[in-house]
1. Once amide H atoms are placed 1.01 Å from N in the peptide plane, what residues at a sequence separation of 5 or more from B:VAL274, or on another chain, have their amide H within under 5 Å of its amide H?
2. Hey, rough spin-label estimate for B:THR340 and A:LEU106, points 7 angstrom out along Cα→Cβ, what's it come to in nanometres?
3. What distance in nm separates the two pseudo spin-label positions at A:ARG115 and B:ARG499, each 7 Å out from Cα along the beta-carbon direction?
4. Using +1 at the C-beta of Lys and Arg and -1 at the C-beta of Asp and Glu, which of A:PHE74, A:PRO104, A:LEU45 has the Cα lying farthest in the positive direction of the dipole of region A:19-119?
5. Please compute the average number of Cβ atoms from other chains found within 10 Å of each residue's Cβ in peptide B:225-234.
6. Under 17 Å from a label point 7 Å along Cα→Cβ of B:SER116: give me every residue in region B:78-99 with its amide N that close.
7. Give me the percent relative contact order of region A:14-118, please, defined on Cα pairs under 8 angstrom at least 6 residues apart.
8. Which order do peptides B:151-163, B:47-59, B:262-274 fall in by mean Cβ count within 10 Å, highest first?
Amino acid sequence: MTARPGGRPLVPAYLATGGTARHPRLRLERLSLLMLSGRPVPDGLSPAQLALLDELADGTLTVVEAAALLRLPFSAVRVIAAELVDRDLLVTRAPIPPAERFDPDLLKRVADGLRALKH
Amino acid sequence: MTVCTVLRAPLHGPLPHPPALWNRFMIELPDLVAGGLAAGTLSALALGGGLLHSRRRLARQQAESAALRGRLDETLRALTAEVEHLAARRLPAAARALAHPHVTVPGPLHPQTAGSPLGHALDGVLQALRVELAAQQVRVDAAAQAGMRGATREIQAALYRLQDALRGLQQRYDDPELAQTLFELDHENEQSLRRAQVAAVVCGAWVGLAREESHLVDAVTGGQSRLAGFRRVSVHNHLRPGTALVSHAVEPVAIITAELLDNALRHSAPDTEVIVSLEHVHHGVCVTVDDAGVGMTRDERERAQRLVAGRDPILLTDLGDPPRMGLAAIGQLTRQFDLTVDVSSTSPYGGVRAVLRVAEHLLSHIDPAERPPAVSAPRSTRENAPDQPEQAVRAPAADAPDDTGPAAPADGARAVPALPVSGAPVHAYGTELPGAASGDVPAHDDDRRDTGGLPRRRRRTPTTAAAADVPAPRGVAPQPPERAAAALGALQSGTAAARAGSTPETAEPTNDTENEGETAR
């Protein structure tokens with residue numbers, strides 16, 4: 001699905017979003033989770049928006065996963081998803097943050113403090 | 001004559017002196033003199049008369065020849081004037097008329113020349129000039145086209161490379177500002193590509209890109225994306241899912257659609273929509289482009305129809321300055337690829353209706369489950385007419401929203417406007433869905449409740465995989481191993497029996513299959 005089956009794609013990515021790659025309010029991350037809100041789908045959605053809703057019918061996906069399934073660049077899917085979130089058709093959840101490494105300086109200072117207490 | 005000799009004898013010869021003779025002579029002399037004189041006078045009169053006569057004739061002839069010379073001079077002057085008129089007026093006009101048909105070539109200076117041999121000769125000069133000029137024009141144009149073909153081909157190739165680079169960047173970078181710029185550049189690039197490609201096609205080049213079999217709606221949407229005003233175009237796809245174009249027709253259809261749309265967008269107000277509809281017709285598919293613009297005059301329409309029919313060879317010099325290549329390119333493509341374009345009718349929206357007809361032999365079929373059309377291509381209004389039953393499989397998955405629904409109750413008040421959730425089916429595409437008409441079919445009922453009555457795209461491979469394992473945990477209780485074994489045994493014996501006694505009796509195999517069916521159940 002990732003390989004382009006037909007060579008050069010006939011339909012460019014910008015058509016999916018009507019030419020925009022910016023969303024005024026919402027900024028989704030690559031690993032933001034998307035899921036359906038369960039509201040009935042209104043009229044007047046673009047084909048790409050309907051396609052994204054379809055992909056999410058089975059459950060939650062991250063934005064990049066949806067982008068791969070839709071064969072669109074991430075920047076386009078981000079806008080599509082943000083528009084759907086605006087219309088309350090999607091619910092988004094911030095990406096689960098990866099565990100961070102502790103600051104070695106802080107650890108060292110804590111260790112020093114403990115040692116100082118001991119003495 | 002005799003008179004003369006008689007007269008001369010006494011004057012010059014020695015006088016005869018015999019008296020008798022002399023006497024007689026003397027007597028007869030007056031008579032002779034009188035006779036001679038009379039004869040002389042007569043002859044003089046005759047001579048004078050002749051002289052006078054010839055004088056008069058000469059004078060008459062002179063007058064006549066003078067008149068003739070005068071007429072000759074006049075004719076010569078007229079001829080000169082005619083030739084001058086030919087050189088000064090008629091030849092330039094005839095040359096201009098080749099390029100501008102509305103220029104009228106003046107007739108000869110004197111109307112009476114028209115039917116004369118001179119008139120014919122002069123017309124021959126004009127005709128020869130026309131023939132030679134036309135041939136010259138074709139030669140020059142062919143040279144110009146060859147030059148332009150070479151140049152545009154290079155440009156086209158460069159733009160395709162640029163497109164690849166831009167799309168690579170689109171995949172790689174996701175900063176919104178940068179992505180926006182990349183989208184804009186991609187769009188600009190598409191427009192430049194379209195122009196280069198159209199110029200190349202007008203000059204007789206190949207479309208410049210080999211594509212493989214593609215969905216027809218993709219070709220149309222691809223054509224749409226090549227225009228500055230693509231947002232004003234709305235495509236209505238009434239084709240059966242999977243309607244596709246054979247490989248060599250893909251790019252021509254995209255180009256023709258783009259050019260028809262460009263015309264429509266150019267000649268309609270910026271706040272109006274251009275409607276494209278894709279429909280099956282007898283022996284093919286029609287792409288209809290309607291605009292709500294000002295339409296064309298009869299002359300324009302005739303010219304456009306002549307151009308798109310592609311019967312006459314194209315001369316760059318005919319295309320105006322700046323050259324309007326769109327229709328000419330359509331003409332080239334319709335001729336080369338056996339497509340039909342008609343621009344002769346008016347649109348119900350007031351503007352022009354352009355219809356591209358793709359004949360059956362240029363169509364093929366792609367399984368939409370295997371290779372779906374592009375995500376941004378409009379869905380077919382017929383999409384889920386044939387696969388209603390399959391949606392039932394998806395129902396469990398679509399149940400999920402019921403759980404998450406209450407998650408956002410605060411927004412309930414401004415929930416999606418005016419949508420009866422479980423009432424009459426509402427869908428965006430039209431009313432021809434069989435499921436929508438028969439509301440009392442229970443199998444579809446809950447399905448429609450889940451999807452809000454909207455036609456949903458069928459799931460592809462992931463769902464079928466899911467569909468395989470969904471029924472096992474849910475509906476059906478796990479089979480005891482004995483029953484499974486019995487089913488398999490029945491299947492095996494059934495096939496064995498069928499193989500062994502393929503011809504003799506038909507009763508047994510049917511029995512077997514019944515058995516198998518029952519045990520399987």
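1. Those qualifying (amide H under 5 Å, at least 5 residues apart or on another chain) are B:VAL233, B:SER234.
2. Label at B:THR340, label at A:LEU106, 7.6 nm between them.
3. 8.2
4. The residue sitting most towards the positive pole is A:PRO104.
5. Values: counts 8, 2, 0, 0, 0, 5, 3, 0, 0, 0.
Taking the mean over all residues of the peptide, I get 2.
6. B:78-87
7. On the way: 117 pairs, mean separation 38.9, N = 105.
Averaging sequence separation for qualifying contacts and normalising by length gives 37 percent for region A:14-118.
8. On the way: B:151-163: 16.5, B:47-59: 10.4, B:262-274: 18.2.
Ranking the peptides B:151-163, B:47-59, B:262-274 by packing returns B:262-274, B:151-163, B:47-59.
No value in this document is a laboratory result; all are computed from the given coordinates. Here the structure is a predicted model, which is why all the values come from computation and not from measurement. All Cβ positions, glycine included, derive from the backbone under ideal geometry; neighbour counts span all protein chains shown.
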